[in-house]
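Here's the structure we're looking at; comments come further down.
Bear in mind these aren't lab numbers, they're just calculated from the coordinates by the rules spelled out. For clarity, every value in this text was computed on a predicted model and none was experimentally measured. Note that we place each Cβ from the backbone using ideal geometry, even for glycine, and neighbour counts take in every protein chain shown.
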Amino acid sequence: MVEVYADILRYIFSCTKKYVQEFYPEGRQIWEGVKNDVHCVLTHPNGYEVHQQGLMRQAAVLAGLVPDQEAAFDRISLITEGIASLHYCIDDGVPALALIVRSVYKGKSGRYH
């Protein structure tokens with residue numbers, strides 16, 4: 001199972017590398033400058049415990065995201081899907097939209113219609 005996850009991470013990492021190198025005018029130089037300092041944030045199901053998180057770090061090493069387990073603790077951050085979705089919503093402006101919707105649907109009585 002770790003090998004399958006490593007293959008997926010390797011593929012995503014190679015696509016990211018390709019995107020940076022091809023999209024930005026000086027992408028190849030940018031990649032060369034950061035490739036040994038990349039910090040990856042990986043999400044995992046809310047129920048994952050230390051054992052499963054360790055397997056994810058092991059897969060990151062096998063995939064070549066980081067050179068070894070020590071680097072995996074320094075340059076791989078693991079967060080739950082719940083936290084990741086919260087950050088996405090905050091970054092995407094969902095709370096601001098919720099406040100607008102709330103003010104539109106809340107009547108003078110302070111209750112929702």
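What FRET efficiency do you get for GLU70 and TYR48 if R0 is 25 Å and r is their Cβ-Cβ distance, rounded to the nearest 0.05? Intermediate results must be reported in sequence, preceding the final value.
Values: r = 21 Å, r/R0 = 0.85.
With a Förster radius of 25 Å, E is 0.75.
Below 14 angstrom from the Cβ of CYS40, what's the summed charge of the other residues (Lys, Arg +1; Asp, Glu -1)? All intermediate terms of the calculation are to be shown ahead of the outcome.
Values: positive: ARG10, LYS17, LYS35, ARG57, ARG75; negative: ASP37, ASP74.
Residues close to CYS40 contribute a combined charge of +3.
So, in nm, how far is label ILE8 from label LYS35 when the simple model puts each one 7 Å beyond its Cα toward the Cβ?
2.6
Which shape class applies to region 2-105: rounded if a/c is under 1.5, otherwise prolate when a/b exceeds b/c and oblate if not, where a ≥ b ≥ c are the square roots of the Cα gyration tensor eigenvalues?
Working: a/c = 2.79, a/b = 1.39, b/c = 2.01.
In terms of gyration-tensor shape, oblate.
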